[in-house]
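The values are calculated or read from the model by the stated rules, or taken from the named source; none is laboratory data. Please read all numbers here as calculations on a predicted model, not as lab measurements. Using ideal geometry, Cβ is built from the backbone for each residue, glycine included, and neighbour counts are taken over all protein chains shown. Each accessible area value is taken on the protein alone, full model and side chains, heavy atoms only, with ligands, DNA and RNA left out. Shrake-Rupley method; radii C 1.70, N 1.55, O 1.52, S 1.80 Å.
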Amino acid sequence: MRRHFPRAPHGLMLLFLCAVWFPRTGEAVGVPSPGEPNVSVGDIRYNATAVAYRHEGGDARVEFFIRVPYREIKFVPSTDHFEAKLRVTVELLGKGGRRAGYEQREAKLQSTVAEATVDSLLGEIYTVGLVAPRGKYHYKVTVEDMNVARRGLVYQMKSKKRQGEVQGDVDMSDWLFQNPAISGIELAWSVQGRTPESAFAKGTFDVQPHPSAYYGLFKDVISAYYEIYDVAPPPGGRSYRIRSMIFGSASDTLLESLDSVRVTEGTAWPHTLFADVASLPAGHYALRIDVLGDGEQSMAASQAEFDVLWDLDSWRADASDWYDVAAQTLMTQEEAYGFRQLSRGEKEAKLGQLWRSIDPTPDTAENEAKRDFQRRVAYANAHYTIYEKGMFSDRGRVWIQFGEPDEIQIERLPVSDKTLGVVAEGQIPKTSKDLLTKPDQGVVDTRPYEIWTYHLRGHELVQHHRMNEISAGMKFIFVDEQGYGDYTLRYSSVSGMR
């Protein structure tokens, strides 16, 4: 297995020797909030990104970088090791959805260390390259776990595997073929000198992909690889001045460096850079690289975006889910919608402010509100995971929102006076009971159910959130409609909880 978070490499000064990064302010640039486009949706959480390069014969080449955390993969015990099997599919689509490139590969993974198979900070890295004519394309990256069928009877009948998907767009149009030009920027975990054992060789470099583009807690130095293109230099060679800038969402240039490159032959020249981001707070940033002409004007430019993360929770494989549940629990619907549009670093910064504002003991090291939230999420995932993670189930949502109920009535095989219609009588309004139990059907209602009762307002982490109308307790009724253990919220005395 390849460790995705190795120690920082020694000897970084061998590259980018001429660069000196120094603070800058006042440039009106700005970085839009992109959400988390490099994070998959679906059953498997992973990161994938695409970078554009020139290719031979006037074509373009897009390289895809994919990292799947081991925690997201099902490893099956064998005689003396653990085995897993993934299928990775990359599809490049042109105008009208016409396929311009396609590659599918399967990989078998093995590990002798049980702890590594459930670690979210280790991962399997894949690279896929596709060549296409210059233009703008849409892409799909799909990862399937071939050892595990998707949860749900319908999926199992169709032999559907657990999978995740990343979709995005990559521009390989005329800007890439101007002279001079700069390729897309590959943000890397590390860049070192190439050796015979290099797994990710590019020219004279070994460039370890970092498709999430997260820096901070585990890596506070950005590494990047890019290529400069131009017509062949004259016999005496040609020099380029390269400016690199890091700027944030507040339209301020935070770091800037100047570098020089001299070339004597060829039409494409690999280059690298490193930047220390230890001084940057959690947030979303952009790295821009320019080839400068006379008068400091930009002759060619390329840009890549990244996030700085200092909270360990932000590095979890399921961090997107964790943040989504936090927004659902702690924010209004309008606030939660805006929060979901933020990048990972912006989410960390925003949620950090919120945690500090509701910390019951701000003078102590531990934030009890955050601790209780984490415990509730862990409990929901442990007890209510059926077809989806327990924190997304109806019972999990209520448990996380309001804490442990004062009373829980459970009937797995209700008969006689324990059926839902009988028990619900007098506990909820008659109109609600009739909608819930459908008494006119003339059949015995044997659906399993749970009734949760909170005597007062429960134990919300944000006091009175969504609860201004509650004064006499709360009641929630969950029903297992199909008998598979998947309980759906069918009645709630709290508006907004459905």
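For the reader, a short list of remarks on this structure follows.
- Near the amide H of MET299, within less than 5 Å, lie the amide hydrogens of VAL291, LEU292, GLY293, all on another chain or at least 5 residues away, with H placed in the peptide plane.
- Structure-derived Kirkwood radius over Cα pairs in Å - corresponding label in (i) 23.6; (ii) 25.8; (iii) 27.2: (ii)
- Prolate/oblate/rounded call for segment 199-296, Cα gyration tensor, a/c under 1.5 rounded: oblate
- For peptides 42-52, 473-483, sequence by mean Cβ density within 10 Å, most packed first: 42-52, 473-483
- As a length-normalised measure over Cα pairs under 8 Å and 6 or more apart, the relative contact order of the chain settles at 13 percent.
- For the set HIS284, HIS455, the ranking by accessible area, highest first and with no ligand, DNA or RNA atoms included, is HIS455, HIS284 under a 1.4 Å probe.
- Gained length - SER198 relative to GLU103, 0.36 nm times residue gap less alpha-carbon distance: 31.9 nm
- Note on LYS95 and GLU366: the model spin-label points, each 7 Å out from Cα along the C-beta direction, lie 6.3 nm apart.
- Under 5 Å between amide hydrogens, built in the peptide plane, is the criterion, and for GLY168 it picks out TYR139 among residues at least 5 positions away or on other chains.
- A simple packing score, the average count of other Cβ atoms within 10 Å per residue, orders the peptides 425-437, 295-307, 94-106, 386-398 as 386-398, 295-307, 425-437, 94-106, with the highest score first.
- HN-Hα J in Hz across segment 194-204 - Karplus 6.51, -1.76, 1.60, θ = phi - 60°, x for Gly and Pro: 5, 10, x, 8, 4, 8, 10, 7, 9, x, 8
- Anchor LYS74: lysines whose Cα lies under 19 Å away (excluding residues fewer than 8 positions away in-chain): LYS85, LYS108, LYS160, LYS161, LYS389
- Under-5 Å amide H pairs with GLY135, H placed in peptide plane, nonlocal only: MET172, SER173
- Packing-based order for 208-218, 253-263, using average beta carbon neighbours within 10 Å, highest first: 208-218, 253-263
- Qualifying trypsin sites (Lys or Arg not before Pro) in segment 165-250, DSSP loop, other Cβ atoms within 10 Å at most 15: ARG194
- With the helix formula -39500 (n - 2.57) applied to DSSP H stretches of n ≥ 4, the chain reaches a computed 222 nm mean residue ellipticity of -4500 deg cm²/dmol.
- Cα gyration tensor shape of segment 310-390, rounded if a/c is under 1.5, else prolate or oblate by comparing a/b with b/c: oblate
- Take every Cα pair under 8 Å whose residues are at least 6 apart in sequence, average their separation, divide by the length of segment 84-204, and the relative contact order is 23 percent.
- In this label model, SER279 and ILE410 are separated by 5.6 nm, measuring between points 7 Å along each Cα→Cβ vector.
- Taking label positions 7 Å along the Cα-Cβ direction at both ALA336 and VAL261, the computed distance is 4.7 nm, reported to one decimal.
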